[in-house]
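J.: Sharing a structure with you now.
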Amino acid sequence: MAYPRIDFLYLNEQEMIEAGVLDAARCIETMRDTMSLFGKKDFLLGGPNADEHGLQMNFPQKSDIEGFPLDDGPDRRFMAMPAYLGGRFHIAGQKYYGSNSHNQVLGLPRSILMVTLSDVDTGAPKAIMSANLLSAMRTGAMPAMAATYLANKDSEVLSLLGPGVINKCALMCYMEVLPNIKKIKIRGSSSRSKTALAMKEFIEKTYPQVKEIVICDSLKEACRDADVVSEAMSVTKENMEEFKLEWFKKGATIFSMGSFLYRKYEDFKNTTMVVDNYGMYRKYLNNFIARGPVDAFGNKREWVIMGIHFVHLVKTGQIPREQVINLSDIVNGTSGGRKDHDEIVMCSIGGMPLEDLSWGYDCYQRAVEKGLGTSLNLWDVPYMK
């Protein structure tokens, strides 16, 4: 039997840039296509119910084995996130990454990510690509895409909570869809935060139409008077500030992509609640409950993901499930977005590997068109048949 030659394309970070991975406008539209397919159920995620965010390997906080890797810093994990996405993509694959906050000492990003695209029928690899920028862009494009339905069109004040890579990419995307932004507020770890100062410099150089940039001393200051709040913080729970609904003005739109510590869950009943994947947050809550009320050191556990707050309200009978709106239904026109100018909209964006696949696929297609990347051979003929 003659075996077809299996080659796949390897794309490093620079080649991904040349393939358009930082093209904010295109990424936003790819996310719109992705959420439309999600709403039509033309996708698969991992797990028996095809609804898993991914498989995460957590490290223990203590071990009797010498040299065993420990959870001795925030976000210490490995994670594999498989998925299939249909429609114009019709692609399978996964995002895989390791995360360790101690990477910063080595001059490395906290997380190092790769995406693999595979043939749906054979499983053969089509591409393996650097995915740090890919993942950051698709994450930032999701709230910007949602903002086209949820944010007031006359929004002028944008607040960036967490001035890292995710919110930098989100900013690039917000500026595509919110043309009236004139003031940007930044909340870093402090008013002298290097990342906050770097974000301010980036805005000054890239968006001269922004007339005022303020680095805020507190979360409260950053949230007040903002038309759009973009949360992408990565901090330990011990360093988290608790949000208060009273900080947000009438008509504000709040997007959370990271940590949103809030204890008076019932406050959300008076807001418009939107999620990217309700089932994902329901599973998060169930897993949280299964782990018990305290951790290995006896510390009380608290969830800090906005979408879990919404699910908790449903689970405890405080609101009907229908009160939490699916973003995909808004995209597909089966549910409305913002109803009036004064409502406060809270939108939880947890992210799914579907978004990595779709944006990875589009970048792969452009790389092929441009002749980018290195073609690698898997085999001419498999050694064992």
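The values are calculated or read from the model by the stated rules, or taken from the named source; none is laboratory data. In this text the structure is predicted, and so the values were computed from the model without any measurement. Using ideal geometry, Cβ is built from the backbone for each residue, glycine included, and neighbour counts are taken over all protein chains shown. The area values use the complete protein model at the heavy-atom level, side chains included, leaving out ligands, DNA and RNA. Shrake-Rupley method; radii C 1.70, N 1.55, O 1.52, S 1.80 Å.
J.: Heavy atoms of the protein only, probe of 1.4 Å, neighbouring chains included. What is the accessible area of HIS312 in Å², nearest 10?
T.: Surface accessible to solvent at HIS312 totals approximately 40 Å².
J.: Identify the trypsin sites (Lys or Arg not before Pro) of the range 257-323 meeting these criteria: DSSP loop state and at most 13 other C-beta atoms within 10 Å of the C-beta.
T.: ARG263, LYS264, ARG291, ARG301
J.: For the range 46-181, what D do you get in µm² per second when you plug the Kirkwood radius from alpha-carbon pairs into Stokes-Einstein at 37 °C and 0.692 mPa s?
T.: This corresponds to a translational diffusion coefficient of 186 µm²/s.
J.: Could you check what % of the DSSP bridge pairs in the chain are antiparallel, to the nearest 5?
T.: Antiparallel bridges make up about 55 percent of those DSSP assigns within the chain.
J.: Which lysines have a Cα lying under 29 Å from the Cα of LYS95, excluding residues fewer than 8 positions away in the same chain?
T.: The qualifying lysines are LYS40, LYS41, LYS62, LYS126, LYS168, LYS237, LYS283, LYS370, LYS385.
J.: Over the chain, with the other protein chains present, what is the accessible area per residue in square angstrom, probe 1.4 angstrom?
T.: In whole numbers, the chain has 47 Å² accessible per residue.
J.: Shape call for the range 4-58 from the C-alpha gyration tensor, a ≥ b ≥ c root eigenvalues: rounded (a/c under 1.5), prolate (a/b greater than b/c) or oblate?
T.: Verdict is oblate for the range 4-58.
J.: What residues qualify as long-range amide H neighbours of LEU113, i.e. H under 5 Å apart, gap of 5 or more or another chain, H built at 1.01 Å from N?
T.: Close amide H contacts, sequence-distant or interchain: ALA131, ASN132.
J.: Once phi is turned into θ = phi - 60°, what whole-Hz ³J(HN,Hα) does the Karplus curve with 6.51, -1.76 and 1.60 give for every residue of the range 210-216, x standing for Gly and Pro?
T.: Ordered by residue, 3J(HN,Hα) equals 7, 8, 9, 10, 10, 8, 8 Hz.
J.: When you take every Cα atom in the range 31-81, what is the radius of gyration, and what is Dmax, the widest Cα pair distance, in Å?
T.: Rg, Dmax (Cα atoms, Å): 16.8, 50.
J.: Which ³J(HN,Hα) values in Hz, rounded to whole numbers, follow from the phi angles of the range 352-357 under the Karplus curve 6.51 cos²θ - 1.76 cosθ + 1.60, where θ = phi - 60° and Gly and Pro get x?
T.: For the range 352-357, the Karplus-derived couplings read 9, x, 4, 6, 5, 5 Hz, x marking Gly and Pro.
J.: Starting with the highest mean, order 16-24, 107-115 by the number of other Cβ atoms within 10 Å, averaged over the residues of each peptide.
T.: Those peptides, ordered most packed to least, come out 16-24, 107-115.
J.: Just the projected area, averaged over all directions, of the convex hull on the alpha carbon atoms of the range 207-352: how many nm²?
T.: That works out to 10.5 nm², a quarter of the Cα hull's surface.
J.: Still on this model: For the range 1-120, what is one quarter of the convex hull surface built on the Cα atoms, given in nm²?
T.: Mean projected area for the range 1-120: 12.3 nm², to one decimal.
J.: Under a 5 Å amide H to amide H cut-off, with H placed in plane at 1.01 Å, what residues pair with ASP7 once short-range neighbours are removed?
T.: When sequence neighbours closer than 5 places are left aside, the close amide H contacts are LEU378.
J.: Quick one: Kirkwood hydrodynamic radius for the chain, alpha-carbon pairs, angstrom, one decimal?
T.: In the chain this quantity evaluates to 21.9 Å.
J.: Quick check: with the 1.4 Å probe, what order do SER218, SER348 take by accessible area, largest first?
T.: So, going from the largest accessible area down, we get SER218, SER348.
J.: First compute the accessible area of the chain with a 1.4 Å probe, then give the percent of it belonging to carbon and sulfur atoms.
T.: Here carbon and sulfur together make up 52 percent of the probe-accessible area.
J.: For the range 115-124, take each phi angle, set θ = phi - 60°, evaluate the Karplus expression 6.51 cos²θ - 1.76 cosθ + 1.60, and give the result in whole Hz per residue in order, putting x for glycine and proline.
T.: 10, 10, 9, 10, 4, 5, 7, 8, x, 5
J.: From the mean inverse distance of alpha carbon pairs (Kirkwood) and the Cα radius of gyration, derive Rg over Rh for the range 134-205.
T.: For the range 134-205, the value is 0.96.
J.: Could you tell me how far the Cα centroid of the range 276-333 sits from the Cα centroid of the range 1-60, in Å?
T.: The range 1-60 and the range 276-333 have Cα centres spaced 25 Å from each other.
J.: Output the 0 to 90 degree angle, nearest 10, between the alpha-carbon long axis of helix 165-177 and the longest principal axis computed from the alpha carbons of the chain.
T.: 80 degrees
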